[in-house]
Amino acid sequence: YILQLSPKGFAKYFRSFLEMYINVALLKPSLQDISLMEEKQRVIVLEFIVDAVLSEKTYQSIQHRGEEASEPLQTLKNIFDRNESKGYSFHISNIIRSVLTKYIALNEEECMMWQRDPEELVQKMESENHDAQDSTPRPSGIDLLMVLVDRDPELTAKIVKDYFYELTTQTSTSSLDSLRISVQIDAALRGLGEVMAKVPDCVDAPKFYNEYLKPNLLPNPNEIFPGSIVRARSVWMVGLLQNHLPPSLWSEAFHLVLENLKSNEKIVSLLSSTTLTAMVGNILEIKEDQKRNKEHRGFLDDFDLNSESSVDEIEKAEQQKVKRKDQEEALATKNMQIVATASAVMSRCFELLETFNQIASVVRVLQLVAFYVETLGETIKPQLGILCDAFPRIWRLAQQRVGVRDGPWIDRLYSSLATMINHLVSRLNVAGTQDPRVQSLIYPLLSHIFGNRSVQESLAQDALGLWRTILASGKDAARPLCEYVPSLMRIMERGEQYFLGFSILEGMLVLGFQQEILPNHWDSIMYCAQQSLLKACPTATGNAEDAVRKGGGSDFGRIASEDAMIATSLLSLLLQQYPKEMHERLKPILGIMAETIWCAYEAKLENTSQKRLATLVGTYSETIFYVVYQNPATLLEIIDIAPNVPNVESFIYALLDATNVDFIQDEASVWEEIENEKKAGPAGPQVPNMRYEYAPILDIEGLARQRRFFAATGLSSLLMRYINGEL
């Protein structure tokens, strides 16, 4: 604390404390001595060493100001530089080896847990990582390793690699010696994996895989503990190296990890499921990238090469084509492995579920199944029997295995199940929702989630996503969902999930569930709609940036204007179905719409934030013109409750501005920007009347005609009433 608070004053004590702490925590104590030290003491000492290394830049700044800081800087140089002083007792290689063997390596208690409680050990190992929330010795040791990587990436990587290579040449003379070597190799690989996060090219991935990982991944029916320690860590390393392996080695590694999924050692099978999930997840990411790039390829892809193109431009364009072709071929190879192994992976995953004692382990394996379902897409149908047969068993398992300490994990289990079913139903539609086995999971799952009045936001999002997907299967599939409407309104009244909530309500109304929804929830729906539009109104929030910034909506991934957009779509449907009931209820919301339209009109959409308002202005104008068509006097009432709108004439000019082609061209470009930012193509609820949600506006003239139609209809009604003396 003093080092951070007053580095200049601490300078004269710097060397003494740093050398003492390195000796006490790293160099001098044996493994036995380390185990006898209090955990808190070890953490505090390592945190000081980390702060000391990080203080180097502070002392350099002090020295640049002409003040004395030579002793701390020289001390750090002597200890941590690659050119160590001859005869100096501190060496960076000894420090790093001590971190690996005394802090990152499995201790005696953990080796016992490996055999006694492997599921608990997996959770412990994965929670103790760099920047872990809980301060324990292992994360503190990893933090020290990471600051040394930042200080000198090449040197730190070399020391860790050399230590690993040295360990691989050792031979054991006893079972105790075998355990020691296995534990140290595990620590060295863990350290190397952490280093790779910042120095990804520190190893030659294909060579490292062939020489060191592959031999440990090959089946060995006679292998027993502690041999499985190195096997498990090798499986983990494949997940880190996968992006650096050519397609042929990737496929081989994938199959070897799949073989290890069948291991009787729970830690090996659990880490295999994690690595396979990472590999399948990587395929999903590549597919999304390629999908985006098809429509939004770079300059060179669409560049019109002609006689005036330079040689460099032609070569660069050709290189891009070759690279893209290689990527597509690599993806095809990987995708073939997913399709070919689907049956084996799902069968093994469902077998494993029966053997686990903790919900955390169940969640880990179900994530792999969910990724498979998403990746397979339409080709999932041959696996439908395996999946559906497993659903009732999964649900029974979930109910049986929930213990007191599994509280946080049960939410993750429900989330994984909701995500998996969502992917499945979105592919199979009615064929999925009509299957009794799928039904036996869908409705009890949603009932449990929505039965909790304080359901967590992330879990609510997954459950609502499944609900929205079910709507595409029609009225029969959606009918049981009516009982969850009160839960939906509670979530939305908390200011959460407006986007999904409004789209679900609209879909339910389109399917004919008016009596099940509206009598008890009119006020809640209008309140949430008003709050949604307020968050997207610049004059209400104070600036346009709040309305268009990602994370400003009702969940972190949303923009407030997106929430308001889908709310307006629901309001438009209610206006069509219940014009009289909506007239009075809608007035405050129309005032917010008017404020937003006027703000955009005055700003002339000059900057990015203001241009984002274009996505709202056009839709708002249609809604207002529709209301004016039904009751022209409403226009005057709107002006009265919109204090920043000066008069009717000016407001009509602002409304008409949204009907011209130039404005809609801007609107179309903004939608394209939003799609690119969200890294997704057109998406949204597959139910009727979703008017513009992520819809690419291809027909600019057609949309302009539609807007002008609404404007002409509304203004005609207004003029007729005026001519007849009714206004």
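A compact table of results
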read-out	value
Trypsin sites (Lys or Arg not before Pro) within the range 131-185: DSSP coil, no more than 16 neighbouring Cβ in 10 Å	none
Carbon/sulfur fraction of accessible area - the range 482-527, other protein chains in place, 1.4 Å, %	44 percent
Portion, in percent, of the accessible area of the range 14-81 that falls on carbon or sulfur, probe 1.4 Å	50 percent
Net charge of Cβ neighbours under 14 Å - reference VAL199; Lys, Arg +1; Asp, Glu -1	-2
Karplus 3J(HN,Hα) series, Hz, for the range 173-184 with 6.51 cos²θ - 1.76 cosθ + 1.60 (x for Gly, Pro)	10, 7, 5, 5, 5, 4, 5, 4, 5, 4, 5, 6
Nearest-0.05 FRET efficiency for GLU47 and ASN631, computed from C-beta distance (R0 60 Å)	0.30
Difference of contour (0.36 nm per residue) and Cα-Cα distance, GLN439 to ASP33	140.4 nm
Of LYS161/LYS266; LYS535/LYS580; LYS161/LYS325; LYS28/LYS266; LYS266/LYS334, those spanning more than 30 Å from alpha-carbon to alpha-carbon	LYS161/LYS325; LYS28/LYS266
Per-peptide average of other Cβ atoms within 10 Å, ordering 336-347, 573-584, 30-41 highest first	336-347, 573-584, 30-41
Spin-label model distance (nm) - SER70 vs SER347, 7 Å beyond Cα toward Cβ	7.5 nm
Inter-probe distance in nm under a simple model that places probes 7 Å from Cα toward Cβ, at ILE2 and GLU110	3.3 nm
Residue list for the range 196-224, given a label point 7 angstrom along the Cα-to-Cβ vector of THR168 and an amide N cut-off under 19 Å	196-197, 199-220
Distance-filtered residues of the range 48-71 - backbone nitrogen under 19 Å, label point 7 angstrom along LYS12 Cα→Cβ	59, 62-63, 66-71
Dipole magnitude of the range 179-293, debye to nearest 20 (Cβ charges: Lys/Arg +1, Asp/Glu -1, about Cα centre)	160 debye
Positive minus negative residues near GLY591 (Lys, Arg vs Asp, Glu; Cβ under 9 Å)	-2
Amide H contacts under 5 Å for GLY474, placed H, 5+ residues apart	none
Two-site label geometry, GLN577 and LEU284: point separation in nm, points 7 Å out along Cα→Cβ	3.3 nm
Mean Cβ count within 10 Å, highest first, over the residues of peptides 256-262, 16-22	256-262, 16-22
Residue-wise HN-Hα coupling along the range 721-726, computed from phi with Karplus coefficients 6.51, -1.76, 1.60 (Hz; x: Gly, Pro)	5, 5, 5, 7, x, 8
Dipole of the range 190-291 [Lys/Arg +1, Asp/Glu -1 at C-beta], most positive-end residue of PRO206, ILE286, ALA232	ALA232
Cβ-based net charge around LEU121, under 10 Å, with every Lys or Arg adding one and every Asp or Glu removing one	-3
Phi-based couplings in Hz for the range 617-623 (Karplus 6.51, -1.76, 1.60; Gly and Pro marked x)	4, x, 5, 4, 5, 4, 4
Student exercise, the range 143-244 dipole from Lys, Arg, Asp, Glu Cβ charges, in Debye to nearest 20	220 debye
Gain in span if fully extended, VAL322 to ILE224, counting 0.36 nm per residue against the direct Cα distance	30.6 nm
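The values are calculated or read from the model by the stated rules, or taken from the named source; none is laboratory data. A quick note: this is a predicted structure, and the numbers were derived from the prediction, not measured. Here Cβ is always computed from backbone atoms with ideal geometry, including for glycine, and neighbour counts include all displayed protein chains. Each accessible area value is taken on the protein alone, full model and side chains, heavy atoms only, with ligands, DNA and RNA left out. Shrake-Rupley method; radii C 1.70, N 1.55, O 1.52, S 1.80 Å.
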